[in-house]
Each structure stands twice: as structure tokens, then as C-alpha cells.
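The values are calculated or read from the model by the stated rules, or taken from the named source; none is laboratory data. Keep in mind that this is a model prediction, so the values were computed, not measured. With ideal geometry, Cβ positions are generated from the backbone for all residues, glycine too; neighbour counts draw on all protein chains shown. Calculation scope for accessible area: heavy atoms of the full protein, side chains included, ligands and nucleic acids excluded. Shrake-Rupley method; radii C 1.70, N 1.55, O 1.52, S 1.80 Å.
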Amino acid sequence: MSTALEGVRVLDMTHVQSGPSATQILAWLGAEVLKLEAPAGDITRTQLRDVPDADSLYFTMLNGNKRSITLNMKSTRGKELFTELVQDADVLVENFGPGTVDRMGFDWNRLRSLNPALIYASIKGFGDGPYTHYKAYEVVAQAMGGSMATTGFEDGPPTATGAQIGDSGTGIHTVAGILAALLQRERTGRGQRVSVAMQHAVLNLCRVKLRDQQRLAHGALREYPNDEFGSEVPRSGNASGGGQPGSALRCSPGGANDYVYVIVQPVGWAPIARLIGRPELIDDPDWATPEARLSKLDKMFRLIEEWTLRHGKWDVLARLTEQGVPCGPILSTRELIEDASLADNGMIVTVEHPQRGPYRTVGCPIKLSDSPTHVTRSPLLGEHNEQIYRDRLGVDVAELAELKANGVI
């Protein structure tokens, strides 16, 4: 069975996380992804290394299903080989600092003159304007995209989210842009530039907070547990951010992740009240309606928590789910990596690596009925030099040895 992106050739000039997360999704979906690295390799090959002389999990978990070639772009022959690679590619992806590829001698005008059908995707920290040349990292993007200001508790500092919405979140947005450009190219025959900024991607993921910023003009946000509201959307702890109130409630035996997140829909109040042993609150006018409960959300969740504290989170999950109440246990990283259902769904995958042996990684979250995905290991540095340079570009064995000796590859 063929894959969705079979035949699409991607020249991957990305490093660290935002770019590699995008190109890995393309590789999972069947594109041929050539990871083009400097002879020293992507810096994450050695960052946070846990096994001596082996590529780190940082690198391996973001670069599966790819092939690696090395090239010194500062050399004359390196530029010539890069030109041939561009002419052979459908997509080029990079996440260098602004202007880096231009200074190599390959600005957008040059690239599209070499290959008018090329889709050139760039990931940057910020869009055009006063922040353009600022350095961006995961949490910098969260800080400047609206996430940190609205994450945490009211009396605490701004807090980063554990989800990598700045890096991998931007990567997903980039994939959407690349796929749209590929589809349009089918109609026009022309490539185009795809640009995604990390700040913009985080802002897009925070749109409900901008919704609430505008709602503040009409008064307090009643579904928030906060007592006071100023001119900005406050940090609201574990409030759901949607139209139905929710909170993370403690469970037995009281460990760091012994919590269940519970959402109280209008139809859920009666079964919850019965479960917690307070059936009289079902018809009590001070509790019976969502409007009545909004003024005392903290008290409502404390009542429910008195019950959840007497039960383990899996028992709470079972009993609330049986009553149709939306809820979910807080799953630790250990619980996730050992979850049999995630393994059965191909979301936790064990991969063999020649340097580090077996390791577990995340599988492709996008499931297509007619296009299976298979997760394979990340490539060793320059593992496919001979295959690509000799078999595809026609570089003979003698020149390959010379290029390696001279530091070109």
C-alpha cells in the first residue's frame, strides 16, 4: 500500500525541535526526507546525552524516518552540490536565524530560479517587525504568544506549559502550510514560500484567551474561579477555558499525579451530587442550575474533592464515566510511556538503534485509512552520504573520498 506523500522529496535543513518536528511528520506520512547537516551534525545529537557516544534521545525522537547527509555549505563544491539537491527537491525546510540562508547565497529569488516548483518553508521566532531578529526558544515563544500570561494560578507567577507548543506546535502549523502549498502546486505548477513564526503559532493556540480578553469588556468571566478581574485575562489555575467549569481534583493516595480532571456539565450535576452523597443539592435552588453554581465554583469543586479524596483516580474515572461525566486522570510520563493502549495505537513505539539499542518514542498521531505509517529509527550522522551523492547526484567514489578528506561532507 502506498503512503500519502510517496514521491515527495524534502530537503531538511532544520535543527533542534521546531523544524525537525515538522519534517518528521512529513517523513511519517511517506515523504523522503533528507536531513542536511553540517559535518559536525545537528547540535541535539549530543545535547542531553544519556548513553555515551550515542545520539541523544533529543535527536532520535525528532528525526526518525529520515536519511542523513552532511555538507559544508561554506565550500565552493558544497554550494554546487546544494544547488543540485535543491533542483531535485519538492520541499526545502529551514529554521535558521533570519537571513542565514540568504547569506549562504541562496535567497528565495535564487532558490525559485533554480527550481520554480520548489516549496520553501521557513520557521522563525517572529514575523516582520520589531521582534524579527530576537532569538526565540520554546518558552520565549510561550511568553510572547499569550500562553504564559494565562497559565498558572492567580496568586502565582506566569508558568510555562509542559507541552512544547512553541516548537512542536509551530512544526505542526508548518506541516499544514507545506501540504497546502503542495496541493496548490498540483493546480498551478508553481512552488511558493511558506513562513511560520513561533510567536504566531502560540498565539493561534491561545485564541480562546483572546476571546476572553474581549469578553472582559462586558464584565467578569463567570466560568473562571477568580474573585476579581482587571483589564486582562487572569491566570485561572485549572479552569477549563471553555463554557463548562472544570478542575483537577485530588484522589487517593495523594501522590503528585493522583488527580482527576472533572468537568461539570449541566446534565452532570445530578449524577455527581448522588455519587458524592449529596442528593439534596440536585433540587436545591442554590445549586440546581449552572447559573447558581457559577458563583461558588470553588465550593462546588471542594465538595466533589471530598469524595474523590476517598478513591483512587482510576476508580473515580470508572465511576464518573459510568454516569456520563467528562473526566480524565492526570497521567504521568511514566504512566503514558507504559500505557498498553497507546502502544496498541502505535503512539508509543519501540525502535532499535545501532548505537543505543532499543528506545521508545512517540508514533505518528495522524491516522490515514489508506496510508499506513511506520516509525523507523533516526539516521546516523552522514549515514546516507554515499547513497545520495553517488547514486543520485553522480559523484564518483574517488571524489567522495576527496570531499570527505577536505571536510566538504
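The helices (runs of 4 or more DSSP H) found wholly in the stretch 31-110 and carrying at least 1 residues that are open to solvent by 10 Å² or more (accessible area, probe 1.4 Å), farther than 16 Å from Arg9 by Cα and touching a Leu at 6+ places or on another chain (Cβ under 6 Å) occupy 57-60. Which residues, taken from the stretch 360-373, are surrounded by 13 or more Cβ atoms within 10 Å (Cβ to Cβ) and free of Cβ contacts under 8 Å to residues at least 12 places away in the same chain? Across the stretch 360-373, there are no qualifying residues.
Tell me which residues, restricted to the stretch 248-259, are open to solvent by 50 Å² or more (accessible area, probe 1.4 Å) and outside any strand (DSSP E or B). Pro253, Gly254, Ala256, Asn257, listed by residue number.
Report whether or not Ala176 is small (Gly, Ala, Ser) and closer than 17 Å to Gly241 by Cα. Taking the combined requirement at face value, the residue does not satisfy it.
Hey, among Gly328, Gly407, Gly357, which residue is farther than 26 Å from Leu26 by Cβ and exposed (fewer than 12 other Cβ atoms within 10 Å of the Cβ)? Before the answer, list the steps.
Numbers: Gly328 fails: exposed (fewer than 12 other Cβ atoms within 10 Å of the Cβ); Gly407 fails: exposed (fewer than 12 other Cβ atoms within 10 Å of the Cβ).
Just one listed residue meets the conditions, Gly357.
For the stretch 180-208, taking the residues that are part of a loop (DSSP other than H, G, I, E, B) and touching a helix residue (DSSP H, G or I) at 6+ places or on another chain (Cβ under 7 Å), the one that is nearest to Ser147 (Cα to Cα) is identified as Cys206.
Val349 - would you say it is under 30 Å from Thr376 (Cβ atoms), touching a Gly at 6+ places or on another chain (Cβ under 7 Å) and either surrounded by fewer than 16 Cβ atoms within 10 Å (Cβ to Cβ) or among the β-branched types (Val, Ile, Thr) (or both)?
yes
Within the stretch 1-19, being in a loop (DSSP other than H, G, I, E, B), over 19 Å from Met73 (Cα atoms) and of a type outside the set (Ser, Thr, Tyr) holds for Met1, Ala4, Leu5, Glu6, Gly7, Val8, Gln17. Do we have any residue at all in the stretch 242-249 that's closer than 25 Å to Pro157 by Cα and in contact with an Asp or Glu (Cβ under 6 Å, 6 or more places away or on another chain)? Checking the stretch 242-249: at least one residue is closer than 25 Å to Pro157 by Cα and in contact with an Asp or Glu (Cβ under 6 Å, 6 or more places away or on another chain).
Kindly indicate the residue of the stretch 112-124 that is farther than 12 Å from Arg193 by Cβ and part of a loop (DSSP other than H, G, I, E, B) and also most open to solvent (accessible area, probe 1.4 Å) among those meeting that condition. Step by step, filter the stretch 112-124, then rank; the result is Pro116.
Could you check, for the stretch 125-137, whether at least one of its residues is surrounded by fewer than 16 Cβ atoms within 10 Å (Cβ to Cβ) and part of a helix (DSSP H, G or I)? No, the stretch 125-137 contains no residue that is surrounded by fewer than 16 Cβ atoms within 10 Å (Cβ to Cβ) and part of a helix (DSSP H, G or I). Residue check: Ser195 meets all listed conditions (1) in contact with a strand residue (DSSP E or B) (Cβ under 6 Å, 6 or more places away or on another chain); (2) open to solvent by less than 60 Å² (accessible area, probe 1.4 Å) but one, namely (2). The single condition from (1) more than 24 Å from His133 (Cα to Cα); (2) of a type in the set (A, V, I, L, M); (3) open to solvent by 40 Å² or more (accessible area, probe 1.4 Å) that Val16 fails is (1).
Applying a threshold of 8 Å to beta carbon distances and a minimum spacing of six or more residues, or different chains, the list of pairs starting in the stretch 260-286 at a residue that is open to solvent by less than 10 Å² (accessible area, probe 1.4 Å) and ending at one that is in a helix (DSSP H, G or I) and among the basic types (Lys, Arg) reads Val260/Lys313; Val264/Arg293; Trp269/Arg293. Here Leu26 passes the criteria (1) part of a helix (DSSP H, G or I); (2) modelled with pLDDT under 95 except the one numbered (2).
Taking (1) within 30 Å of Ala89 (Cα to Cα); (2) part of a helix (DSSP H, G or I) in turn, Ala143 satisfies each apart from (1).
Within the stretch 141-151, identify whether any single residue is exposed (fewer than 15 other Cβ atoms within 10 Å of the Cβ) and at pLDDT 95 or above, and answer yes or no.
no
Among the acidic types (Asp, Glu), open to solvent by 70 Å² or more (accessible area, probe 1.4 Å) and in contact (Cβ under 8 Å) with a residue 12 or more places away in the chain - does that describe any residue in the stretch 388-401? No, the stretch 388-401 contains no residue that is among the acidic types (Asp, Glu), open to solvent by 70 Å² or more (accessible area, probe 1.4 Å) and in contact (Cβ under 8 Å) with a residue 12 or more places away in the chain.
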